[in-house]
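The values are calculated or read from the model by the stated rules, or taken from the named source; none is laboratory data. Source: prediction; values computed, not measured. Cβ atoms come from the backbone with ideal geometry, glycine included; neighbour counts cover every protein chain shown. Quick note on the areas: whole protein, heavy atoms, side chains included, nothing else; ligands and nucleic acids left out. Shrake-Rupley method; radii C 1.70, N 1.55, O 1.52, S 1.80 Å.
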Amino acid sequence: MTPALGRAGRVALLGLGGFAVLALGAAAGLWAQAWDVPVGRPYMSPGTGTWFGTDALGYDLFAQAVQGARVSLVAGAGGAAGAVAVGGALGAWAGLRGGWTDRLLSGATDAFAAVPPVVALLAIALALGPGVSTVVVAIAATQWTGVFRAARAEGQRLRVADYYRAAQAMGAGTLHQIGWHVVPALRPVLLSALVVLFAHAVKVEALLAYLGASAPELPSWGKLLARSGSELARGIWWPTLAASAPLALLVLCAQVLADRSGRRRE
């Protein structure tokens, strides 16, 4: 029987749940609605009523940080799920089929992995235009290579197994074998990869938002960081804190959960 997640894992899971509640409440209009209207003087320091202070226009930084969680969670979850689906399907197909299919897909994966991720991300963002869907597609299209290799190795192992050969002799196709044998065998690995890629995707979204390729209509942590660079040089530190603190906390929760999930498999 596998051990439980442990206290750190439960706290991390609770933290991710808290971010999800904040994001869902913000999307439903239950709180953080006043993110795009002045609530005080420009550059008010953190205090009662404005927990993270205000920005250059007097907008509430706490409300912007809460709204930014919506973008990060959607981009992180969607991008990670897409990368796991693409990498897992292609890797399993390559491992089970072998031959020229394996060589072709493996070579294409190696060639794709040789392209600097930032270049591929920016090229996709430029082609599709800014937006949350663009970020999801860019993350899924550039972060699948590691999952491909894990799925390919499992497919190669199953290809020489007796029950796989028996299923082939009975007429079972590759898609059937992937669904009935590869996916169940890879489920722990895919779940762990999903959490790891979620943490990575959140950081990628912040990078793309920093470069202006994320959702133009919503605040995001990357946008806050982009605007806060010059302010930090003038001693106005709270806009940077409003973006970096939730970003670091969300990534930390996801990484702790991935680490605990990995230990459960050992």
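Overview of values
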{"quantity": "Largest-first principal axis extents, alpha carbons of segment 65-263, Å", "calculated": "71, 36, 25"}
{"quantity": "Rounded accessible area per residue of the chain, 1.4 Å, Å²", "calculated": "50"}
{"quantity": "Cα-based convex hull volume of segment 177-235 per residue, rounded to whole Å³", "calculated": "107"}
{"quantity": "Counted charge near residue 130, where neighbours are those whose Cβ lies closer than 15 Å (Asp, Glu -1; Lys, Arg +1)", "calculated": "-1"}
{"quantity": "Volume per residue of the C-alpha convex hull in segment 99-182, rounded to whole Å³", "calculated": "114"}
{"quantity": "Per-residue ³J(HN,Hα) for segment 53-58, Karplus 6.51 cos²θ - 1.76 cosθ + 1.60, θ = phi - 60°, Hz, x for Gly and Pro", "calculated": "x, 10, 9, 5, 9, x"}
{"quantity": "Packing-based ranking, highest mean first, of 23-33, 46-56 given that Cβ atoms within 10 Å are counted", "calculated": "46-56, 23-33"}
{"quantity": "Helix-derived mean residue ellipticity, 222 nm - over the chain, DSSP H n ≥ 4, -39500 (n - 2.57), to 500", "calculated": "-24500 deg cm²/dmol"}
